[in-house]
Structures are given as C-alpha cells and as structure tokens.
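The values are calculated or read from the model by the stated rules, or taken from the named source; none is laboratory data. All of these numbers come straight from a predicted model, not from anything done at the bench. Because the Cβ atoms are built from the backbone with ideal geometry, glycine has one as well, and the counts that use them run over all protein chains shown.
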C-alpha cells in the first residue's frame, strides 16, 4: 500500500505516452497468437496483422486481450462496418470482462489495482476472465 494519495502518485509517476501504451510489442503479439492462434479470427486466413478491438483512437491499449489477428480483408471490413467491430468488442467482453482493453495504468487510475504493477494487473485481469467465464 502506497502512503501517498493517488493524486500525489500521479504527479510523481512517469506514465508512458498514449502512443506507446497502444502499440503492440513483439511480446504482446506473441501473446495474441497464443490466445487466438496466428490465423485471422474471422476467416482463418494465415496472413494477419494485429487489430485493436477498441481502436487506439478510442484509447484502446496494447493489452493482448484487446488484440485480434485479422487478415487485411477482414481488418478493412471491421473498420468499415461498425456493427462487426462492436461484435468483436462484445466477444472480448464475454471472454475477458469489461476491462479487456485496459492496461495496468488504466486499472491503477480507476482504483482496480493498488499500483501499476504487472503481476497485480495480470492477477486482476485473470480474475476478471474467470468471472466472465462464469457469467
């Protein structure tokens, strides 16, 4: 437990930029592949890129739970069809819970974890996934 208030902590902590918190790293891409497999989640085409279910422009983070491997054709379809994009987001909510697009800093800022620690974040996200699976 931190002796400083959240406001004091936010002033002192260097939180990575929005751009850095939204770009998938190689490690996160491998995790997306582990979760979903390497093929497009819609058509199973093997040539994929990594799509943000909650778009980066809407504060979608680089949490692998927010990712989905999509071929270019399906990626374009999702971006052109709001209903299809929403269905991908709803699938993530059903599978991972409502915070699927948060990163450790979002969880900390919203009081879901005590500090922006990777282990605490993963423990929280795994608990949310278990809850979603029981619903």
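Quick notes on this structure:
- The numbered conditions (1) surrounded by fewer than 19 Cβ atoms within 10 Å (Cβ to Cβ); (2) modelled with pLDDT of 95 or more are all true for residue 56 except (2).
- For residue 111: the one exception among (1) under 24 Å from residue 13 (Cβ atoms); (2) under 16 Å from the mean Cα position of the chain (by Cα); (3) touching a residue at least 40 places away in the same chain (Cβ under 8 Å): (2)
- Filtered residues of segment 61-77 (kept if assigned to a helix (DSSP H, G or I) and under 16 Å from residue 47 (Cα atoms)): 72, 73, 74, 75, 76, 77
- Checked against the criterion of being on the phi < 0 side of the Ramachandran plot, buried (at least 17 other Cβ atoms within 10 Å of the Cβ) and part of a helix (DSSP H, G or I), the candidates 86, 128, 91, 122 yield just one match: 128.
- Taken over segment 5-26, the criterion of being within 16 Å of residue 110 (Cα to Cα) and either in contact with a strand residue (DSSP E or B) (Cβ under 9 Å, 6 or more places away or on another chain) or modelled with pLDDT under 70 (or both) is satisfied by 5, 6, 7, 8, 9, 10, 11.
- Selection of segment 63-77 for residues being surrounded by 21 or more Cβ atoms within 10 Å (Cβ to Cβ) and either without any contact (Cβ under 8 Å) to a residue 60 or more places away in the chain or in contact with a strand residue (DSSP E or B) (Cβ under 8 Å, 6 or more places away or on another chain) (or both) yields 64, 66, 67, 68, 69, 70, 74.
- Any hit, segment 45-54, residues being over 21 Å from residue 107 (Cα atoms) and in a helix (DSSP H, G or I): no
- The set of residues in segment 109-119 that are assigned to a loop (DSSP other than H, G, I, E, B) and in contact with a helix residue (DSSP H, G or I) (Cβ under 8 Å, 6 or more places away or on another chain) comprises 111, 112, 113, 114, 115, 116, 117.
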